[in-house]
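Asker: The structure is given below, and queries will be raised subsequently.
The values are calculated or read from the model by the stated rules, or taken from the named source; none is laboratory data. This is a predicted model, so every value here is computed, not measured. Neighbour counts are summed over all protein chains in view; Cβ atoms, including those assigned to glycine, are modelled from backbone coordinates with ideal geometry.
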Amino acid sequence: MGLRTKAAVVRQVGGRFSFEYVILDDLRPHEIYVRMLACGICHSDIAVRDGLMSYPFPCVLGHEGAGIVEEVGEKVSLLSVGDKVILSFASCGRCRFCRSGRPARCIAFDELNFGGSRLDGSPTMWDATGKPLAGHFFGQSSFSYVSLTHERNAIRIVATDDELALFAPLGCGLQAGAGTVLNELRPQAGESIAILGIGSVGLAAVMAAKILGAHPIIAVDVVVSRLALAQSLGADITINCKKRPLLKAVKEHVKDVRYIVDTTGSSTVINQALEFLHPRGKISLLAVAADDHPMHAPTTYQKVVESIAGDSNPQVFIPRLISLYNEGKFPFDRLITNYPVDKINTAVEDSLRGVFIKPVLCFT
Ligand SMILES: [Zn+2]
Ligand SMILES: [Zn+2]
């Protein structure tokens, strides 16, 4: 019964990740076990650990897993043992949004991704003493040597083991950043766009804007090295808003901006952005809100979109991002720093201090 493996458990809010033996539940008909090769660390993992997003404890986080299918449930039809897969968010597959190819809008998105269990409330993992753990984070809980997930979460790809490990972070942050530009905002060549906050999500948005020929691409952050990286990946104008007021600095270059991607979650930043957004422009909000200050109302024709996973259908969009990478148009490998999986706490601390853009844990 079940499968014994090791996973990074967080026992309480703000606690450390510590590897423990855990038992994964038996597979249901549409579920699979995936032996993990790599897993990116995303801001939501850290936000949950620090109590900024609600999730049950003790828990196993991780939601940018990539690995090899180890076992399949009896009704799994599209995957076989040995397949290489990237894991993305969970969706029900039955609601009208899932059926129309927009799983990021799934009506059960919150319960499936943030419920800590299957949709019927059953746990997917227990600790060594038999107490249930909140698993199934984004339907996968991939800070684990083996993940129990649903076949819908897994995108099969053809790749070497090294490539598969490299592609792990496509499952969340990079998909969200690129998706909001390529799927939601869709600037045309020559239209202006500003990207606020230059972490991995913001840099994915910069690369996507470059692919579409948006111009000018304005990158905003407070860290000089990140702005330099944004410039080398396609930003035409970089603004350090620690040194100059944002609104004033943008107006020195352009009258207004047609599209804006916010990854900061800061109402101070967003309220200034609404002032330089074109009267018929569109702003996409990607971040977990970092403060409680009120956001100004947009003007009548300005559109505010709260982006979930860049409105992506991972089964289609992740292979597209891999093609763009192979063509040299989406060089996200430049953002990645690898850590051995047992250095997970160091990787999280480095990420919080802004040392590296995208930490990825390697399980081998
Ligand atoms: Zn659905
Ligand atoms: Zn994420």
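Asker: Specify which of the listed residues (A214, A208, A194) is of a type in the set (G, A, S), under 28 Å from V355 (Cα atoms) and not in a helix (DSSP H, G or I).
Answerer: A194
Conditions (1) under 19 Å from A66 (Cβ atoms); (2) among the β-branched types (V, I, T); (3) buried (at least 21 other Cβ atoms within 10 Å of the Cβ); (4) away from ligand 2 (no atom under 16 Å from the Cβ), marked per residue:
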{"position": "K84", "(1), (2), (3), (4)": "yes, no, yes, yes"}
{"position": "E111", "(1), (2), (3), (4)": "no, no, no, yes"}
{"position": "N153", "(1), (2), (3), (4)": "yes, no, yes, no"}
{"position": "L170", "(1), (2), (3), (4)": "yes, no, yes, no"}
{"position": "L185", "(1), (2), (3), (4)": "no, no, yes, yes"}
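Asker: For the range 6-22, what are the residues that are surrounded by 19 or more Cβ atoms within 10 Å (Cβ to Cβ) and either more than 20 Å from L352 (Cβ to Cβ) or free of Cβ contacts under 8 Å to residues at least 60 places away in the same chain (or both)? Don't jump to the end; show me each part of the working.
Answerer: Applying the first criterion (surrounded by 19 or more Cβ atoms within 10 Å (Cβ to Cβ)) to the range 6-22 yields 7-10, 17, 22.
If the condition is that a residue be surrounded by 19 or more Cβ atoms within 10 Å (Cβ to Cβ) and either more than 20 Å from L352 (Cβ to Cβ) or free of Cβ contacts under 8 Å to residues at least 60 places away in the same chain (or both), then A7, V10, V22 are the ones that fit.
Asker: Please give the strands (runs of 3 or more DSSP E) falling wholly within the range 247-364 in which 3 or more residues are more than 15 Å from the chain's Cα centre (by Cα) and surrounded by 13 or more Cβ atoms within 10 Å (Cβ to Cβ).
Answerer: The strands (runs of 3 or more DSSP E) meeting that bar are 257-262, 277-285, 303-306, 336-340.
Asker: Before we move on, is F143 touching a helix residue (DSSP H, G or I) at 6+ places or on another chain (Cβ under 8 Å), of a type in the set (F, W, Y), modelled with pLDDT of 95 or more and farther than 17 Å from A309 by Cβ?
Answerer: yes
Asker: Would a scan of the range 39-55 turn up a residue that is among the aromatic types (F, W, Y) and either within 23 Å of F356 (Cα to Cα) or not in a loop (DSSP other than H, G, I, E, B) (or both)?
Answerer: As a first pass, look at the range 39-55 and keep what is among the aromatic types (F, W, Y): 55.
Imposing the further condition that a residue be either within 23 Å of F356 (Cα to Cα) or not in a loop (DSSP other than H, G, I, E, B) (or both) reduces the set to none.
No - not one qualifying residue is present in the range 39-55.
Asker: Let me ask you something else. Which count do you get for residues in the range 253-271 that are modelled with pLDDT under 95 and more than 23 Å from P331 (Cα to Cα)?
Answerer: The total comes to 7.
Asker: Which one of the conditions (1) out of contact with any strand residue (DSSP E or B) (no Cβ under 9 Å at 6 or more places or on another chain); (2) in contact (Cβ under 8 Å) with a residue 40 or more places away in the chain does T124 fail to meet, given that it meets all the rest?
Answerer: Result: T124 passes all but (1).
Asker: Turning to a different aspect of this structure: Cβ contacts < 9 Å: first residue modelled with pLDDT under 95, restricted to the range 73-96; second residue within 16 Å of ligand 1 (Cβ to nearest atom) and in a loop (DSSP other than H, G, I, E, B), any location; separation 6+ or different chain. Result?
Answerer: The qualifying pairs are S77/H30.
Asker: Given the criteria within 16 Å of ligand 2 (Cβ to nearest atom), at positive phi and either of a type outside the set (S, T, N, Q) or part of a loop (DSSP other than H, G, I, E, B) (or both), does G62 qualify?
Answerer: On the way: within 16 Å of ligand 2 (Cβ to nearest atom): yes; at positive phi: yes; either of a type outside the set (S, T, N, Q) or part of a loop (DSSP other than H, G, I, E, B) (or both): yes.
So G62 fits the description; yes.
Asker: Quick one: would you say G67 is outside the structural domain of T264 (by TED's automatic domain parsing), away from ligand 1 (no atom under 16 Å from the Cβ), touching a Lys or Arg at 6+ places or on another chain (Cβ under 7 Å) and not hydrophobic (A, V, I, L, M, F, W, C)?
Answerer: Yes; evaluated as a whole, the condition is true for this residue.
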